[in-house]
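A short write-up of the structure that comes next.
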Amino acid sequence: MDSVLASFLLFLGMLAELATIPFGLPGTGIILLCILAYALLTEFSAGVSVPFFVILCVLTVVAETADNWLTAVGARHYGASTASMWLSFLGGLVGAVMIGGPLAFLFGPLGPLAGGFIGAFAVVVGYELYLGKNMRAALKAGWGTFLGRMAGIVLKLVIAIAMITAVVLAIAF
């Protein structure tokens, strides 16, 4: 395949996947797959070397797990119990699947993302109330969950943009 065409297709694929990240999809993972396809087509000789690809793999793992661990950090910072931090993962997943479907009718592709936020928030608030905390403390812990998940999405976007920029510069120079 012509290297100009391969570079163009790589760039289109990376931009398309960048647009999926705010919807809660694994954009950085798919960006990495685009880069891998390009590297294999060019035999790791056109800007994307094996060590550079390994660094991109590490960045992808950090980005794809960021919303989970930052949700836990946010919940903890705002007073959630350790169990609530772990339950926020489950609440986010269940919310994305169970609540996200119906919300997709209202919000389109943002439905599962909103469902994940609602699920994580509701589970943390509910569990904190179950533990005997007052409503204010439970809502504060839920707010921390929300802020952590938002921070995770922002971090994922920043890492994805950095990966795309690094690959484009590596190919261009």
Selected residue (criterion: surrounded by the fewest Cβ atoms within 10 Å (Cβ to Cβ)) from residues of the range 141-159 that are free of Cβ contacts under 8 Å to residues at least 24 places away in the same chain and over 20 Å from residue 90 (Cα atoms):
158
Going through (1) closer than 24 Å to residue 80 by Cα; (2) touching a helix residue (DSSP H, G or I) at 6+ places or on another chain (Cβ under 9 Å); (3) loosely packed, with under 15 Cβ neighbours inside 10 Å one by one, residue 129 fails only at (3)
Residue that is surrounded by the most Cβ atoms within 10 Å (Cβ to Cβ) [pool: residues in the range 27-53 that are over 24 Å from the mean Cα position of the chain (by Cα) and in a loop (DSSP other than H, G, I, E, B)]
47
Being at pLDDT 95 or above and surrounded by fewer than 17 Cβ atoms within 10 Å (Cβ to Cβ) is the filter here; which residues of the range 54-81 pass it?
54, 55, 57, 58, 61, 62
Hey, any hits in the range 82-89 for a residue that's open to solvent by 30 Å² or more (accessible area, probe 1.4 Å), of a type outside the set (Lys, Arg), at pLDDT 90 or above and outside any helix (DSSP H, G or I)?
no
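Taking the options 162, 104, 120, 138, name whichever one is in a helix (DSSP H, G or I), open to solvent by 30 Å² or more (accessible area, probe 1.4 Å), of a type in the set (Gly, Ala, Ser) and touching a Gly at 6+ places or on another chain (Cβ under 9 Å). Walk me through it before giving the result.
On the way: 162 fails: touching a Gly at 6+ places or on another chain (Cβ under 9 Å); 120 fails: open to solvent by 30 Å² or more (accessible area, probe 1.4 Å); 138 fails: open to solvent by 30 Å² or more (accessible area, probe 1.4 Å).
It is 104.
The values are calculated or read from the model by the stated rules, or taken from the named source; none is laboratory data. Quantities reported herein were computed from a predicted structural model and do not represent experimental measurements. Note that each Cβ is placed from the backbone with ideal geometry, even for glycine, and that neighbours are counted across all protein chains shown. Just the protein is used for accessible areas: all its heavy atoms, side chains included, with ligands, DNA and RNA removed. Shrake-Rupley method; radii C 1.70, N 1.55, O 1.52, S 1.80 Å.
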